[in-house]
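What follows is a single structure, written as structure tokens, with notes after it.
Every number here is computed from the coordinates shown, using simple stated rules; none is lab data. All of these numbers come straight from a predicted model, not from anything done at the bench. Using ideal geometry, Cβ is built from the backbone for each residue, glycine included, and neighbour counts are taken over all protein chains shown.
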Amino acid sequence: MFVTVGVGLAPCGGNATCPGPFGQRFSASMNNESFQLPTGLSMLQAFFFNVSGVYTPNFPDAPPVKFDYTNANISSDLSLLFTPKSTSVKVLKYNATVQIVLQNTALLAVENHPIHIHGFNFHVLAQGFGNYDPVNDPKKFNLDNPPVRNTIGVPVGGWAVIRFTANNPGVWFMHCHLDVHLPWGLATAFVVQNGPTPGSTLPPPPADLPKC
Ligand SMILES: *[C@@H]1O[C@H](CO)[C@@H](O)[C@H](O)[C@H]1NC(C)=O
Ligand SMILES: *[C@@H]1O[C@H](CO)[C@@H](O)[C@H](O)[C@H]1NC(C)=O
Ligand SMILES: *[C@@H]1O[C@H](CO)[C@@H](O)[C@H](O)[C@H]1NC(C)=O
Ligand SMILES: *[C@@H]1O[C@H](CO)[C@@H](O)[C@H](O)[C@H]1NC(C)=O
Ligand SMILES: [Cu+2]
């Protein structure tokens, strides 16, 4: 996957903290999907009980619009800044090898985003500044005992490449760990399907699961 991470804007609506920049409010997104937590049922319950309509399994593998991601001259381009809100997730087959290029954008402002993944540790294969180069940067991948992390500070105006094995069924958040960016929507989730064995199948909720 190639996933852009950055900040943008959303219309004020009735939000009390408005207005922010350009008379709008701050928003943030991955691949231009600004994550909204579902109300009501949790995503993990929706996965286990096969309830549709809680999340949509359509998180894109690449940004919908290609642009010069780290060019500061596009930071105030209003045609790029607005981030649609969604509860868009990526469905992964059990045991899939997942590689993600995390690409910071200069929209509104370049900034370091510490991207954290629940449910997995990942290998950090490479990082750099500017736009990721799919031809030359893979040559720099460290495949010899690469560091294992659960959070990666994506370089400011740069990129990082991570890899993990999706061997933990369930629903797992991937999000920026700056507290303020999470409610702005800098997140998505992985829905990892069950494997072929009882040990690779999501167990039912415990009988004493607290109810709201
Ligand atoms: C959910 O769907 C799967 C696949 O069709 C099925 O195996 C499972 O029993 C269903 N779970 C529930 C709680 O209905
Ligand atoms: C940004 O804009 C300035 C002024 O127009 C220009 O000199 C510079 O080359 C631009 N930078 C990029 C990366 O396009
Ligand atoms: C994000 O989506 C909105 C709505 O479709 C669009 O106007 C905007 O250009 C997109 N921005 C990027 C960076 O893809
Ligand atoms: C998961 O992948 C590993 C490594 O390729 C393999 O050894 C293992 O058998 C796979 N497990 C399942 C349940 O497919
Ligand atoms: Cu952030």
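Okay, here's what the table says:
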{"read-out": "Share of pairwise Cα separations in the chain, more than 33 Å, in percent", "value": "18"}
{"read-out": "Prolate/oblate/rounded call for segment 1-59, Cα gyration tensor, a/c under 1.5 rounded", "value": "oblate"}
{"read-out": "Of 119, 185, 23, the one that fluctuates the most in a GNM where the chain has Cα springs shorter than 10 Å", "value": "23"}
{"read-out": "Cβ-defined net charge surrounding residue 13, 15 Å radius [Lys, Arg +1; Asp, Glu -1]", "value": "+2"}
{"read-out": "Relative contact order of the chain, defined on C-alpha pairs under 8 angstrom at six or more residues apart (%)", "value": "26"}
